[in-house]
Amino acid sequence: MAKKNKAGQVVVWIILGLLMFALAGFGVTSFGGSVRAVGTVGNTDIDVEVYGRELQQELQALSRNTGQAVTLAQAQQFGLDRTVLARLVSRAALDNEAARLGLSVGDQTVSDQVTSIQAFQGSDGSFDRQAYAFSLENAGLSIAEFEDQVRADTSRNILQAAVVGGMEAPAEFTDTLFSWARERRDITWALLGEAELPAPVGEPTDAQIEAFHSENPALFTLPETRVVTYAWLTPSMILEDVEVDEAALRTLYDERISEFVRPERRLVERLVFGSESEAAAAREQIEGGETTFDDLVAGRGLTLADIDMGDVSQAELDAAGEGVFALEDTGIAGPLPSPLGPALFRVNAILSAVETSFEDARDELAAEFASDRARREIDAMLTDLDDLLAGGATLEELAADTAMEAGMIEFRDGVEDGIAAYDEFRTAALVANEGDFPELYDFEEGGTFAIRLDEIRPPELQPLSDVRHLVIPAWKEAETERLLIERAQDAILAIEGGAEMAGQDLPLRTERGILRESFVEDAPFQLVENVFLMSPGDLRVFAAPGGAALVRLDAILEPDPDDDEALGLLDAFTRQTAQGMAGDALEMFSRAVQSQAGISINQQAINAVHAQFP
């Protein structure tokens with residue numbers, strides 16, 4: 001019975017998702033024309049309308065995540081269309097197998113699931129046939145189509161539950177990996193610095209300086225250097241010449257008034273009930289300490305994300321606005337009316353009203369206006385600049401005859417001054433070849449540039465005379481490190497010979513219960529990793545910048561069986577492993593079914609759907 005209820009909840013959420021797509025505008029466009037399927041698996045069609053809707057859904061989700069409109073052509077570069085099609089092929093394969101096995105559900109099961117959907121219920125919590133028909137009409141679906149889909153979804157879920165039901169991760173597997181991940185180490189260690197030497201290292205002799213320079217060429221070698229001549233023009237270069245129109249600023253302020261004049265807004269969550277009496281009873285339970293708002297949400301099979309309204313104004317809450325905004329602080333208001341029925345509203349934060357006058361906003365608007373105007377003026381110059389380059393003009397001539405400025409830079413890894421601060425320049429400079437004709441490139445922030453690669457200088461060891469001031473401190477650090485490693489190795493010999501570690505005049509520290517991901521302050525980065533390769537009693541020395549670290553592994557500790565955090569991680573790891581195994585099993589089953597049933601893809605139908613996207 002539990003599995004049946006879980007499968008039913010999955011179907012309900014699929015249906016609710018479909019309705020959300022409809023309310024967002026999905027289903028209002030016909031993708032199919034005379035073609036009804038983009039492919040088949042066995043005897044089951046992959047409906048062209050379903051493919052179009054799911055592709056549109058993924059595009060909108062990607063646009064929301066990236067914060068900018070994503071075209072189908074851009075999404076195809078990431079394989080989004082293939083991902084959607086693969087998902088529908090897998091779904092069709094399961095539907096086809098369910099049909100082959102004779103899996104289906106009766107009309108009563110379909111009816112129970114449809115009437116339990118909150119979006120189809122009236123203010124009294126009972127099923128509203130008009131709301132049902134209206135929602136499906138907005139989604140571009142008939143009642144028969146929708147109920148057939150409910151039936152198919154339920155049958156598919158029964159098949160999926162049969163494939164993965166009861167699948168558990170082997171205890172030996174999870175326990176072994178958990179033990180590896182949560183084992184702990186006790187160590188005693190010391191970080192040796194200059195204070196642990198009998199005396200600081202002195203100044204190097206000329207011979208030592210020369211030897212260190214020649215033996216460590218990588219420290220004093222310049223990387224490949226590209227000598228680049230460039231001409232560039234950015235909006236900031238011509239800002240002083242841009243005239244700011246006061247009337248245009250006023251218009252811009254009025255167009256963006258919502259940014260400068262905002263009423264008070266509140267972060268609100270809304271939990272809808274079947275009747276006002278149910279909502280009032282829930283409010284009394286919260287106030288009486290019998291339950292919490294979060295528990296009520298979870299008890300309805302919802303998450304906080306499902307009921308989150310975001311930040312809203314009083315007007316946006318309609319009839320509930322006055323009651324919600326009457327709260328002087330965060331808390332719960334209601335029962336209050338909502339389009340979906342009586343509801344409790346929880347206010348999580350109050351965002352104060354903002355009112356910025358034109359005078360206060362003028363400088364900001366003027367800077368934006370001038371920068372935008374400068375970008376557009378540069379854009380208007382691009383054709384003429386391109387024509388000059390095509391006509392054989394050099395970068396120096398381009399700078400002399402236009403607003404562009406010329407310069408030369410010795411560009412190498414680590415140089416980020418001036419034009420080299422721009423990613424676009426660095427990319428162009430790295431791929432340029434000697435003899436290439438200059439061409440215009442755009443800066444993402446506005447503006448343009450052109451480059452000429454004059455010379456490539458290979459990596460070059462700098463003469464000692466130029467880097468002597470760098471060689472001396474580098475030698476001192478390396479010599480200090482060498483002497484301290486010797487000091488630590490001498491201590492190890494003494495300890496292994498029977499001496500106490502505490503008697504070696506070292507700045508000892510102890511760390512207890514170190515995990516693999518632990519951070520030990522001041523320790524060399526490789527110390528923790530290597531501690532987990534040691535056996536109890538082992539002693540090791542690690543180089544540290546300008547010093548050395550000596551460590552002894554004192555004990556290996558198994559995961560604490562009474563640690564709530566560790567037990568919680570074990571439980572989560574076990575569940576995740578079981579879910580992963582179930583997912584793998586379902587994927588392998590789907591592939592086997594696809595192979596047995598056979599797949600046919602109608603690329604012309606897919607192309608026809610794609611052609612209807614902007």
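The values are calculated or read from the model by the stated rules, or taken from the named source; none is laboratory data. Just so it is clear, the structure is predicted and the values come from calculations on it, not from any experiment. In this analysis, Cβ positions are derived from the backbone assuming ideal geometry, glycine residues included, and neighbour counts consider all displayed protein chains. Side chains included, ligands, DNA and RNA excluded: accessible areas come from the protein's heavy atoms. Shrake-Rupley method; radii C 1.70, N 1.55, O 1.52, S 1.80 Å.
Considering only residues that are farther than 30 Å from His213 by Cα and either touching a Lys or Arg at 6+ places or on another chain (Cβ under 7 Å) or aliphatic (A, V, I, L, M) (or both), which ones fall in the stretch 421-446?
Let us first name the residues in the stretch 421-446 that are farther than 30 Å from His213 by Cα, namely 421-429, 431-446.
The answer is Ala421, Ala428, Ala429, Val431, Ala432, Pro438, Leu440, Gly446.
Test Gly418 against the criterion of being free of Cβ contacts under 8 Å to residues at least 40 places away in the same chain and out of contact with any Phe, Trp or Tyr (no Cβ under 7 Å at 6 or more places or on another chain), and give yes or no. Outline the logic, then answer.
Values: free of Cβ contacts under 8 Å to residues at least 40 places away in the same chain: yes; out of contact with any Phe, Trp or Tyr (no Cβ under 7 Å at 6 or more places or on another chain): yes.
Yes: the conditions hold for Gly418.
Within the stretch 543-572, take every residue that is open to solvent by 60 Å² or more (accessible area, probe 1.4 Å) and touching a Leu at 6+ places or on another chain (Cβ under 8 Å) and give me the one that is modelled with the lowest pLDDT.
Among residues in the stretch 543-572 that are open to solvent by 60 Å² or more (accessible area, probe 1.4 Å) and touching a Leu at 6+ places or on another chain (Cβ under 8 Å), the one modelled with the lowest pLDDT is Pro561.
Answer yes or no as to whether Leu506 is touching a strand residue (DSSP E or B) at 6+ places or on another chain (Cβ under 8 Å) and at pLDDT 95 or above. Quick ask: steps written out before the conclusion?
On the way: touching a strand residue (DSSP E or B) at 6+ places or on another chain (Cβ under 8 Å): yes; at pLDDT 95 or above: no.
No; evaluated as a whole, the condition is false for this residue.
Considering each of Ala343, Ala361 in turn, give the residue that is surrounded by 13 or more Cβ atoms within 10 Å (Cβ to Cβ) and closer than 30 Å to Glu246 by Cα.
Numbers: Ala343 fails: closer than 30 Å to Glu246 by Cα.
So the residue among Ala343, Ala361 that is surrounded by 13 or more Cβ atoms within 10 Å (Cβ to Cβ) and closer than 30 Å to Glu246 by Cα is Ala361.
Report, by residue number, each residue of the stretch 150-173 that is more than 13 Å from Gln579 (Cα to Cα) and open to solvent by less than 30 Å² (accessible area, probe 1.4 Å).
Result: Val150, Asp153, Thr154, Ser155, Arg156, Asn157, Leu159.
Picking from Leu18, Leu55, Leu62, which residue would you name as being within 20 Å of Ala92 (Cβ to Cβ), part of a helix (DSSP H, G or I) and modelled with pLDDT of 55 or more? Outline the logic, then answer.
On the way: Leu18 fails: modelled with pLDDT of 55 or more; Leu62 fails: within 20 Å of Ala92 (Cβ to Cβ).
Every option except Leu55 fails the conditions.
Go through the residues of the stretch 188-203 one by one and say whether even a single one is among the small types (Gly, Ala, Ser), surrounded by 13 or more Cβ atoms within 10 Å (Cβ to Cβ) and under 30 Å from Gln489 (Cβ atoms). Break it down stepwise before answering.
Taking the stretch 188-203 and keeping what is among the small types (Gly, Ala, Ser), we get 190, 193, 195, 199, 202.
Next, only the ones that are surrounded by 13 or more Cβ atoms within 10 Å (Cβ to Cβ) stay: 190, 193.
Cutting the leftovers down to under 30 Å from Gln489 (Cβ atoms) gives us 190, 193.
Scanning the stretch 188-203, I find at least one residue that is among the small types (Gly, Ala, Ser), surrounded by 13 or more Cβ atoms within 10 Å (Cβ to Cβ) and under 30 Å from Gln489 (Cβ atoms), so the answer is yes.
How about the stretch 256-295: which of its residues are open to solvent by 60 Å² or more (accessible area, probe 1.4 Å), more than 20 Å from Asp308 (Cα to Cα) and of a type in the set (D, E, K, R)?
Correct list: Glu259, Arg262, Glu276, Glu278, Glu284, Glu287, Glu290.
Residue-wise test of (1) more than 47 Å from the chain's Cα centre (by Cα); (2) on the phi > 0 side of the Ramachandran plot; (3) touching a residue at least 12 places away in the same chain (Cβ under 8 Å).
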residue	(1), (2), (3)
Asp454	no, no, yes
Arg457	no, no, yes
Leu461	no, no, yes
Asp466	no, no, no
Val471	no, no, yes
Glu479	no, no, yes
Ala491	yes, no, yes
Ala494	yes, no, no
Ala499	yes, no, no
